[in-house]
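Structure first, commentary second.
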Amino acid sequence: MFSHVTVGVADLERAARFYDALLAPLGLRQRPVTADDGPAARCWIDPTRPLPRFYAYNPFNRHPATAGNGSMVAFQAVSPEAVDAAYAGGMTAGGVDEGQPGERAHYGKGYYGAYLRDPDGNKIHIVYRGDLIAS
């Protein structure tokens with residue numbers, strides 16, 4: 001469905017440390033970003049597929065990065081343990097808690113997730129969708 005998702009960040013190196021720690025337990029790795037005369041960026045992918053991609057960018061308009069009110073990026077995990085590991089990695093790398101890992105039965109039986117914000121305030125969700133696997 002998605003080609004890529006992008007979030008704006010103020011400090012690209014800080015964002016890279018955060019997203020490396022958050023996304024490694026989910027099997028996502030950084031890939032090189034080809035310079036295109038735009039702002040500096042970092043990119044993460046599933047190494048077995050070219051798309052989708054997740055980018056952290058310094059804003060194109062050169063204005064300060066701000067988090068979108070009501071915006072959230074959700075990353076899929078292969079297990080509840082992967083949710084726990086990603087959340088722990090993100091928190092260790094400067095994340096802010098928005099909802100510790102746990103079952104969210106109101107979303108579906110087997111739905112397990114965690115919420116946090118990156119150091120720039122972007123809301124991140126890590127989720128294991130056991131409700132869909134069991135269907």
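The values are calculated or read from the model by the stated rules, or taken from the named source; none is laboratory data. Values in this document were obtained by computation on a predicted structure and should not be read as measured data. For neighbour counting, all protein chains shown are included, and Cβ atoms are generated from backbone atoms with ideal geometry for every residue, glycine included. Note: accessible area is taken over every heavy atom of the protein model, side chains too, but ligands, DNA and RNA are not part of it. Shrake-Rupley method; radii C 1.70, N 1.55, O 1.52, S 1.80 Å.
Relative contact order for the chain using alpha-carbon pairs under 8 Å, separation at least 6, rounded to a whole percent? Spell out each step's value before the answer.
Details: 281 pairs, mean separation 34.9, N = 135.
Relative CO of the chain lands at 26 percent.
Once R0 is set to 25 Å, what does the formula 1/(1 + (r/R0)^6) return for the Cβ-Cβ distance between GLU98 and PHE2, expressed as a FRET efficiency to the nearest 0.05?
Values: r = 22 Å, r/R0 = 0.88.
The formula returns an efficiency of 0.70 here.
Could you compute the longest span of the chain free of trypsin sites (Lys or Arg not before Pro) located in DSSP loops and having at most 11 other Cβ atoms within 10 Å, not counting the site residues? Intermediate values should be presented prior to the final figure.
On the way: sites that count: ARG62, LYS109.
Maximal segment without exposed cleavage sites: 1-61.
What does the extension gain come out to for ALA88 and VAL73, with contour length at 0.36 nm per residue minus their alpha carbon separation? Write down the numbers at each step before the final one.
On the way: separation 15, 0.36 × 15 = 5.40 nm, distance 1.72 nm.
Here the answer is 3.7 nm.
Per DSSP H run of n ≥ 4, the term is -39500 (n - 2.57); total these for the chain, divide by its residue number, and report the mean residue ellipticity at 222 nm rounded to 500 deg cm²/dmol.
Working: 3 runs with 29 residues, N = 135.
About -6000 deg cm²/dmol.
Name the chymotrypsin sites (Phe, Trp or Tyr not before Pro) in segment 1-78 that are in a loop by DSSP and that have at most 13 other C-beta atoms within 10 Å, would you? Kindly include the intermediate steps, with their values, before the conclusion.
On the way: sites: PHE2, PHE18, TYR19, TRP44, PHE54, TYR55, TYR57, PHE60, PHE75; in loops: PHE2, PHE60.
The qualifying sites are PHE2, PHE60.
Which FRET efficiency value, to the nearest 0.05, do you get for ALA24 and ARG62 by plugging their Cβ-Cβ distance into 1/(1 + (r/R0)^6) with R0 = 30 Å? Walk me through the intermediate numbers first.
Numbers: r = 30 Å, r/R0 = 1.01.
Between ALA24 and ARG62 the formula returns 0.50.
Suppose we keep just the alpha-carbon trace of segment 1-45; what are its Rg and Dmax in angstrom?
According to the Cα coordinates of segment 1-45, Rg and Dmax are 11.0, 32 Å.
Give me the distance in nm between label points sitting 7 Å out from Cα along the Cα-to-Cβ direction at ARG49 and TYR107, one decimal.
Result for the modelled spin labels: 1.8 nm.
Looking at the P(r) of segment 13-73, how many percent of alpha-carbon pairs lie beyond 13 Å?
Details: 1213 of 1830 pairs.
Roughly 66 percent, once rounded to a whole number.
Using the heavy atoms of the protein chains alone and a 1.4 angstrom probe, what is the accessible area of segment 19-77 per residue in square angstrom?
Numbers: 3690 Å² over 59 residues.
I get 63 Å² per residue for this part.
If we restrict to alpha carbons, what Rg and Dmax does the chain come to, in Å?
14.8, 47
Which percent of the accessible heavy-atom area of the chain goes to carbon and sulfur, probe 1.4 angstrom? Spell out each step's value before the answer.
Working: 4090 of 7690 Å².
Heavy-atom surface of the chain belonging to carbon and sulfur, 1.4 Å probe: 53 percent.
List the relative contact order of segment 26-104 as a percent without decimals, with contacts defined as Cα pairs under 8 Å and 6+ residues apart. Please list the in-between numbers first.
Numbers: 64 pairs, mean separation 17.2, N = 79.
For segment 26-104, the relative contact order is 22 percent.
Provide the convex hull volume over Cα atoms per residue for segment 72-131, in Å³.
Working: hull volume 3.8 nm³, N = 60.
Hull volume over Cα atoms, normalised by residue count, gives 64 Å³.
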